[in-house]
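Inspection log for the structure reproduced underneath, given as structure tokens.
The values are calculated or read from the model by the stated rules, or taken from the named source; none is laboratory data. Everything quoted here is computed from the prediction, not taken from an experiment. Cβ coordinates were reconstructed from backbone atoms using ideal geometry, including for glycine residues, and neighbour counts include every protein chain displayed. Only protein heavy atoms, including side chains, enter the accessible area calculation; ligands, DNA and RNA are left aside. Shrake-Rupley method; radii C 1.70, N 1.55, O 1.52, S 1.80 Å.
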Amino acid sequence: MPRYRLDSNVVQMTDCRPDLIVCEATESGPVLRVIDIKASQGLKLSHRIQATLYTLILGHVLEDWGDQRLRVDDPAGIWLAQADEPELFDTRSIRPPLENFLEHEVQPLLERPADQAPWHLYFRCESCPYFDHCRAEMTRTDNVSRLPYLSN
């Protein structure tokens, strides 16, 4: 992603896509809105960050294609389990810190050796490929992560 000055030898963006992209007709032309579906019953900040990232990526794709007919809407939606419709939120509140992270923080973070990265072991970490490394370090250093369900 050249806009964020990320070195593809260090930072690799894998294929990612929102669950739904809604196209709505407006007076100023068609607008696209990202909707992501979640199995949980409560809206989380991580859901909003993910949908905002999808919104950013979709905007960059349209820009790269030179498509002037479509634009990406600022609101995105999270469709929670058992909800009748998605809950919309304004991505403009999350976009500045997310773009700052992409532009200024992710590259230096990933350039450091893994043992220098700040971390906190959490139950979600079990599916991460670095889980065994972090768990061993947690045990070796008697890290506060040993306390169950303590948030980072």
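The figures follow:
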quantity	calculated
Solvent-accessible heavy-atom area per residue, rounded to whole Å², over region 1-125 at 1.4 Å	65 Å²
Neighbourhood net charge (13 Å Cβ-Cβ; Lys/Arg +1, Asp/Glu -1) for R92	-2
Directionally averaged shadow of region 1-46, computed from the convex hull of its alpha-carbon atoms, nm²	5.8 nm²
Per-residue ³J(HN,Hα) for region 28-33, Karplus 6.51 cos²θ - 1.76 cosθ + 1.60, θ = phi - 60°, Hz, x for Gly and Pro	9, x, x, 10, 9, 10
In sequence order, calculated HN-Hα J values of region 73-80 (Karplus, 6.51, -1.76, 1.60; Hz; x Gly/Pro)	6, 5, x, 10, x, 10, 9, 7
Region 17-72: proportion of alpha-carbon pairs further apart than 13 angstrom, %	62 percent
Accessible surface of the chain [probe 1.4 Å, protein heavy atoms]: carbon and sulfur percent	51 percent
Cβ-based net charge around L102, under 14 Å, with every Lys or Arg adding one and every Asp or Glu removing one	-1
Lys/Arg +1, Asp/Glu -1 at C-beta; the chain dipole; positive extreme among S127, Q116, V34	Q116
Isotropic mean projected area of the C-alpha convex hull, the chain (nm²)	11.1 nm²
Within the chain, helix-based [θ] at 222 nm, where runs of 4 or more DSSP H residues each add -39,500 (n - 2.57), nearest 500	-9000 deg cm²/dmol
Charge dipole magnitude, Cβ of K and R +1, D and E -1 - the chain, Cα centre, debye nearest 20	360 debye
Gaussian network model of the chain, Cα within-10 Å springs - most flexible of E99, E126, E85	E126
0 to 90° range, to nearest 10: angle between helix 45-65 axis and the chain longest Cα axis	50 degrees
Cα centre as origin, Lys/Arg/Asp/Glu Cβ charges: region 65-152 dipole, Debye	260 debye
Angle between the chain longest axis and helix 131-141 axis [Cα atoms, degrees, rounded to 10]	40 degrees
